[in-house]
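To keep things clear, I will list the structure first and then write my remarks on it.
The values are calculated or read from the model by the stated rules, or taken from the named source; none is laboratory data. Owing to the predicted nature of the structure, the values given are computational and were not obtained by experimental measurement. FYI the Cβ positions are ideal-geometry reconstructions off the backbone, even for glycines, and counts take in every protein chain you see.
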Amino acid sequence: MLFTLGKTRKEVYGFGFFYILTVYITYLLIGMGLLKASVAFTLYPISKVVAILVIIFGLFNIKEYFWPGRRFSIRIPLSVRGMVSKYAFEATTLSAIIVGFLISVYEFPCSGGIYLAIVGLISHQKTFWSGLPYLLLYNFMFVLPLIIVFFVATNKVFVEKMINIQEKHGRKLHLVLAVTMILLGVFILILVS
């Protein structure tokens, strides 16, 4: 999109760098807060609550697969999508940070189930400080696809193929996420029992 707006390669790379960095930091801060809360309370009840929340997130993804957009939706609201587009068109460092933050916060209900499961597993085994390196690594792995896609996205043919795949198979991702979250939730419940 930024290339079609006539932005230079330097502007595009700057926007991408700050966007990805903001996504990383936002998720890291959310994870640190969740990890701190998990470690601060009695371990087993928190792990069970996390497991149940992960299963609920999984059920919401099943709902999104079969009945997309009905009632409560875990998709980013249209009003936020409009705001994100407005800032993305500006393509400044500040707009990249704003877009990265908004996307992270509003996509958390979709991706947060697996994140909660990971934090639950980390808190079950570690203290906050010994669990923090695992959280740093997990968040790097979380943004690694963004980094790869960002560098590949300068290839117009590849981007068009990815958009077609997303349009064709995007809903199936909700089902894959749902099954993964439910299995993780059950695994955590078994682990802490």
- Item | Near pairs, Cβ below 8 angstrom, 6+ apart or cross-chain, from the range 1-26 (surrounded by 14 or more Cβ atoms within 10 Å (Cβ to Cβ) and at pLDDT 80 or above) to any residue that is of a type in the set (V, I, T) and part of a loop (DSSP other than H, G, I, E, B) | F15/T92
- Among (1) modelled with pLDDT under 70; (2) crowded, with 18+ Cβ neighbours inside 10 Å; (3) of a type in the set (G, A, S), S38 falls short only on (1)
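Being aromatic (F, W, Y), modelled with pLDDT under 75 and either surrounded by 16 or more Cβ atoms within 10 Å (Cβ to Cβ) or not in a helix (DSSP H, G or I) (or both) is the filter here, so list the residues in the range 41-62 that pass it.
Start the filter on the range 41-62 by keeping residues that are aromatic (F, W, Y), which leaves 41, 44, 57, 60.
Next, from what is left, pick out any that are modelled with pLDDT under 75: 41, 44.
Hit for the range 41-62 is F41, nothing else.
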- Task: Mind listing whichever residues of the range 144-175 are within 16 Å of F66 (Cα to Cα), exposed (fewer than 14 other Cβ atoms within 10 Å of the Cβ) and at pLDDT 75 or above?
- Result: K168, K172
